Amino acid sequence: MLRLENINKVFNAGTIDECTVFENFNLTIDDSEFVSVIGSNGSGKTTMLNIVCGSMPLDSGKIYFGDKDITRLSQHRRARYMGRVFQEPRMGTCPNLTILENMSLADNKNKPFGLSKGINKKRLDYYRTLVEECGLGLENRMNVPVGSLSGGQRQALALVIANMTDIEMLVLDEHTAALDPKSSELVMKLTDKFVKKSNITTLMVTHNLRFAIEYGSRLIMMHSGKCILDLKGEEKKNANVDDLLKVFNEISIEVGN
């Protein structure tokens, strides 16, 4: 379970550009929940992900993961049990390394460093089995540099890599936003497949309202650092894009847009 308690975050404090993103913000995500987060630009979505993953410090507040207080835990230590897939396909993999080399690096995550070879070819069949699930023929391109793959192929590989270790939470940072419509659909279907297979707690930020409704067990809409809509169960199943657009339009009128 992930729990954010009384989170406060201000950018450019004490300047003319001071901006309060979170003021006593609270959020609890239960084990195995797949939470889709939507909201306009500046609503706090990405800031929340950065706070959860440890790439951005808090001003005050507490973050708990299970029974652990991870508020002061560094980003690389949180990465031991959190996997993250970014919006930009180039950020989840090393472009100059092959698929095999990228997967070998991921396979060695959280293991002690030594003088042994970085690539264990005995694991090659295992790696092929993992990427074969993507249905993109990557299992036949293990020695191809990742930089030569399409954006959709790289995001699919990033999903596989994020799930290679025993992570307890998957964080998806608009991971379909930079893809064409066909690739976006493919990556979302793969995401849903991986999440259901591993039953892993998932936090996904997306601008795609249909994806937010179609996938996951819970939907949150954020605005000005607050959760203004929180749907789960039958409420989420009965939601539709028009309902969400109506709320967005009301927000726009409220802030004068």
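The values are calculated or read from the model by the stated rules, or taken from the named source; none is laboratory data. Just so it is clear, the structure is predicted and the values come from calculations on it, not from any experiment. Cβ placement follows ideal geometry from the backbone for every residue including glycine, while neighbour counts extend to all protein chains displayed. Ligands, DNA and RNA are excluded from the accessible area calculation, which covers all protein heavy atoms including side chains. Shrake-Rupley method; radii C 1.70, N 1.55, O 1.52, S 1.80 Å.
Across the chain, Cα pairs under 8 Å and at least six residues apart give a relative contact order of 26 percent. If R0 is taken as 22 Å, the Cβ-Cβ distance between residue 241 and residue 180 corresponds to a FRET efficiency of 0.60.
Suppose only helical runs count, i.e. DSSP H with n ≥ 4. What mean residue ellipticity at 222 nm does that imply for the chain under -39500 (n - 2.57) per run, divided by all residues and rounded to the nearest 500 deg cm²/dmol? All intermediate terms of the calculation are to be shown ahead of the outcome.
Values: 9 runs with 86 residues, N = 257.
Calculated at 222 nm, the ellipticity per residue is -9500 deg cm²/dmol.
Across the options 238, 251, 190, the greatest Cα extent toward the positive end of the charge dipole of region 190-257 (unit charges at beta carbon of Lys, Arg, Asp, Glu) belongs to 190. Were the residues from residue 94 through residue 8 laid out at 0.36 nm apart, the gain over their Cα-Cα distance would be 27.5 nm. Seen through its C-alpha gyration tensor, with square-root eigenvalues sorted a ≥ b ≥ c, region 40-99 comes out oblate because a/c lies at 1.5 or above while a/b is not bigger than b/c. Measure nothing fancy, just the Cα-based angle from helix 181-198's long axis to the longest principal axis of the chain, in degrees from 0 to 90, nearest 10. Around 80 degrees separate the two axes. The fraction of all Cα pairs in the chain landing in successive 10 Å bins from 0 to the largest distance is 7, 28, 34, 22, 8, 1, 0, given as whole percents. Counting only DSSP beta bridges with both residues in the chain, the antiparallel share comes to about 55 percent. Does region 147-219 come out rounded, prolate or oblate, given a ≥ b ≥ c as the square roots of the eigenvalues of its C-alpha gyration tensor, rounded meaning a/c under 1.5 and, failing that, prolate meaning a/b above b/c? Oblate is the answer for region 147-219, as a/c is 1.5 or above yet b/c matches or exceeds a/b. Accessible surface calculations at 1.4 Å, restricted to protein heavy atoms, place region 79-198 at 53 Å² per residue.
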